[in-house]
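Okay, structure first, notes after.
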Amino acid sequence: MQRLMPYMAFPLVLIGGLFLCYGLFVPLGEPAIAPFVVMLLWTIPWMLLLEWWTPFRRKWSESHNDVLTDTLYLLFIQSLWPRLLSAVWIGLLASATIWFSENITLFAGQPWPHEWPLVLQLTLALVLAEFGRYWVHRWAHEVSLLWRFHAVHHSAQRLYWLNAARFHPVEKILLHIPETVPFILLGVNAEVLALYFVTTGIHGLFQHSNIRLKLGPLNYIFAMAELHRFHHSKIIRESNTNYGNNLIIWDLVFGTFYWPKDRDVAEIGLLNPDYPKDFTGQLKAPFHKAKLDKPADYASNPEKYQ
C-alpha cells in the first residue's frame with residue numbers, strides 16, 4: 001500500500017470528496033455548505049494521515065513555528081475573507097449579471113450550459129477560472145509591486161498542507177476575481193460552484209502537502225505537488241514557472257511548464273532570512289519601505305538570480 005499510495009492518494013481523495021459533496025446537496029439543503037463539510041471531515045483527516053504515514057521530506061514534518069501563522073491564514077484569509085468578498089462581488093455585479101442573462105446566449109439561450117452534466121460544467125469552470133488565475137499569479141512574480149504581496153505565500157520554509165492557506169488578503173482579492181466574478185456574471189449554479197471549491201480546496205492542500213506523490217502523466221493535467229514544489233524554489237528561474245492553481249494547461253500553452261524528472265526541488269522559500277514569520281508581521285510586510293525580498297529587480301537583472 002505504501003508503494004501504491006503516492007499514485008493513488010490524490011485521485012482517490014479528490015474523487016471521494018466530489019462524490020461526498022454531491023451526496024450532501026440534498027441532506028444539507030444548501031450546496032454552499034457542502035465544501036466546508038467535505039474539507040473538515042474528509043480532506044483534512046486524509047492530509048494528517050498521509051503526511052504522517054508517507055512524508056515527502058521528514059524535515060518538513062518538523063515545526064518551524066509556523067502552525068499558528070498558517071492556522072490564522074486558514075481561518076481569516078481562506079475561510080472568512082472570501083465569503084465577504086463574494087457578497088461584495090454579488091452586490092456590485094447585480095446589474096451586470098442581469099444584462100449577461102438577457103444578452104449572452106452561448107448555450108441554448110443562456111450564458112452558462114446548465115443542461116450539461118455536472119462533471120462537464122465543473123471542467124469548464126476549472127478551465128475558465130484557471131486562465132485568469134494563471135495570469136494574476138504570473139504577474140505576481142513579474143511585477144515588483146504585486147510580488148510584495150505574493151512574497152507572503154513564498155515565505156513558507158517548508159511545504160505542508162496547512163500553508164496552502166498562506167496568502168496576503170490584498171493578493172487574495174486579486175486571486176478571487178477570476179474564480180468568482182466570471183461565475184457570478186455567467187450565472188453558474190450553486191452545485192457547480194460547490195464542486196469547484198471542493199476541487200480547488202483538495203487540490204490546494206495536496207499541492208502544498210508534505211506527502212510523497214507520483215502522478216505520472218496526470219502532471220500534464222494537474223498543477224500538483226511534483227510541479228508546484230519547484231514553484232517554491234529559491235532558484236528564481238525555477239520559481240517563475242508552474243503558475244497553475246488547479247490545472248497546468250495554461251503553463252503548457254504559455255511555455256512556463258517546468259518538470260525536471262531526474263531530481264526533486266532543493267531549498268524553498270525566500271532569499272531574505274529576515275522576512276517576518278508571524279501573521280501580523282507578514283500582513284505589514286508588503287507596505288514596508290525596504291525591499292523585503294527577491295525579484296524586485298528581477299526583470300532588469302535576471303542573471304543575479306540564476
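The values are calculated or read from the model by the stated rules, or taken from the named source; none is laboratory data. Just so it is clear, the model here is predicted, and its values are computed rather than measured. Note: ideal-geometry Cβ built from the backbone for every residue, glycine included; neighbour counts use all protein chains shown.
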Which listed residue, of Gly132, Gly109, is among the small types (Gly, Ala, Ser) and surrounded by 14 or more Cβ atoms within 10 Å (Cβ to Cβ):
Gly132
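A quick yes/no check of all residues on (1) farther than 18 Å from Leu213 by Cβ; (2) part of a loop (DSSP other than H, G, I, E, B):
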| residue | (1), (2) |
| --- | --- |
| Leu227 | no, no |
| Arg237 | yes, no |
| Pro276 | yes, yes |
| Thr280 | yes, no |
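Taking the criterion of being under 30 Å from Met8 (Cα atoms) and among the polar types (S, T, N, Q), would at least one residue in the stretch 144-151 satisfy it?
To start, the set of residues in the stretch 144-151 that are under 30 Å from Met8 (Cα atoms) comprises none.
Checked the stretch 144-151: no residue is under 30 Å from Met8 (Cα atoms) and among the polar types (S, T, N, Q).
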Would you call Ala9 modelled with pLDDT under 95 and within 21 Å of the chain's Cα centre (by Cα)?
no
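Do you know which of the residues in the stretch 47-95 that are of a type in the set (D, E, K, R) and crowded, with 17+ Cβ neighbours inside 10 Å is farthest from Phe167 (Cα to Cα)? Outline the logic, then answer.
Of the stretch 47-95, the ones of a type in the set (D, E, K, R) are 51, 57-59, 62, 66, 70, 83.
Still in the running and crowded, with 17+ Cβ neighbours inside 10 Å: 51, 66, 70.
On the way: Glu51: 22, Asp66: 14, Asp70: 9 Å.
Ranking the qualifying residues of the stretch 47-95, first place goes to Glu51.
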Only one of (1) in a helix (DSSP H, G or I); (2) modelled with pLDDT of 95 or more is not met by Asn245, so which one is it?
(1)
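More than 20 Å from Val143 (Cβ to Cβ), polar (S, T, N, Q) and touching a residue at least 40 places away in the same chain (Cβ under 8 Å): is that true of Thr180 in this structure? Don't jump to the end; show me each part of the working.
Values: more than 20 Å from Val143 (Cβ to Cβ): yes; polar (S, T, N, Q): yes; touching a residue at least 40 places away in the same chain (Cβ under 8 Å): yes.
Against the criterion (more than 20 Å from Val143 (Cβ to Cβ), polar (S, T, N, Q) and touching a residue at least 40 places away in the same chain (Cβ under 8 Å)), Thr180 qualifies.
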Please state which one of Ile221, Ile236, Ile211 is of a type in the set (A, V, I, L, M, F, W, C), surrounded by fewer than 21 Cβ atoms within 10 Å (Cβ to Cβ) and modelled with pLDDT of 95 or more.
Ile221
Can you name the residue in the stretch 239-263 that is closer than 18 Å to Phe10 by Cβ and aliphatic (A, V, I, L, M) and, of all such residues, is surrounded by the fewest Cβ atoms within 10 Å (Cβ to Cβ)?
Ile249
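Looking at Leu185, Leu159, Leu146, Leu205, can you tell me which residue is in a helix (DSSP H, G or I) and either under 24 Å from Leu50 (Cα atoms) or of a type in the set (Phe, Trp, Tyr) (or both)? Full working, then the answer.
Working: Leu185 fails: either under 24 Å from Leu50 (Cα atoms) or of a type in the set (Phe, Trp, Tyr) (or both); Leu159 fails: in a helix (DSSP H, G or I); Leu146 fails: either under 24 Å from Leu50 (Cα atoms) or of a type in the set (Phe, Trp, Tyr) (or both).
After applying the criteria, what remains is Leu205.
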Among all residue pairs at least 6 apart or on different chains, which show Cβ distances below 9 Å where the first residue, located in the stretch 237-255, is closer than 22 Å to Ala151 by Cβ and the second is among the small types (Gly, Ala, Ser) and part of a helix (DSSP H, G or I)?
Tyr243/Ala140; Asn245/Ala129; Asn245/Gly204
